[in-house]
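Structure record follows, encoded as structure tokens.
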Amino acid sequence: NAFPSGRILCFDDKFVYGYGRVTVAAGPVGHRADAYHLFCQGREPGPSQAAVGRKGKKETMSSEPGPTLWSEEPSLIVRAMVLGADRLAVAGAVDRSVKDPDLLAFQNDAEARASFAGQRGVVLRVVSAENGKRLSETELNAMPVLDGLSAAGGCLYISLQDGTVLCV
């Protein structure tokens with residue numbers, strides 16, 4: 001947990017932007033009801049602490065990740081992400097699941113599965129890299145290809161699973 005991690009990440013010199021679990025901790029087997037979020041976190045790890053490593057040598061280990069600057073929860077189920085100069089573009093399915101952490105399951109399993117498959121809405125969302133506020137959102141006709149979003153020349157290009165490529 002010392003460094004930013006997630007299912008999909010992008011970064012610049014100071015920050016890591018990603019989509020991943022809100023917390024990663026030991027617990028009951030299974031992660032079906034874990035909460036996910038879109039986030040911005042500092043690249044540098046948090047305060048360090050001394051620890052005894054293998055062979056009895058003192059080592060410095062980070063105990064916490066860098067500070068989280070912003071977090072969007074609930075988020076899309078992000079499948080594609082690209083960072084521009086001051087904006088973060090993400091694409092994926094709208095998460096309509098209702099989680100029950102006591103049961104490690106969804107309260108609306110059928111709806112959650114349909115949502116994950118993109119059958120309940122797929123969008124391209126642009127947020128401010130500085131504070132995570134939504135700047136725009138556009139519905140898509142199909143799920144994006146995994147990591148199928150790129151930016152060049154002031155345009156966003158997105159590859160969709162139905163074979164189309166869009167330029168926005």
Exercise. In nm, what is the difference between 0.36 nm times the number of residues separating V98 and T164 and their Cα-Cα distance?
Worked result: 20.6 nm
Seminar exercise, completed: Result for the range 112-168: accessible area per residue, probe 1.4 angstrom, in square angstrom, of 59
Seminar exercise, completed: In nm, the gap between the two label points placed 7 Å beyond Cα toward Cβ at S128 and R7 is 2.7
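If I take R0 = 41 Å and measure r between the Cβ atoms of L146 and E44 in this structure, what FRET efficiency does the formula 1/(1 + (r/R0)^6) give, to the nearest 0.05?
Values: r = 29 Å, r/R0 = 0.70.
Using R0 = 41 Å, I get an efficiency of 0.90.
The values are calculated or read from the model by the stated rules, or taken from the named source; none is laboratory data. Only a predicted model underlies this, so the values are computations on that prediction, with no experimental measurement involved. Heads up, the Cβs are rebuilt from the backbone with ideal geometry, glycines too, and the neighbour counts pull from every protein chain shown. These accessible areas exclude ligands, DNA and RNA; they are computed on the full protein's heavy atoms, side chains included. Shrake-Rupley method; radii C 1.70, N 1.55, O 1.52, S 1.80 Å.
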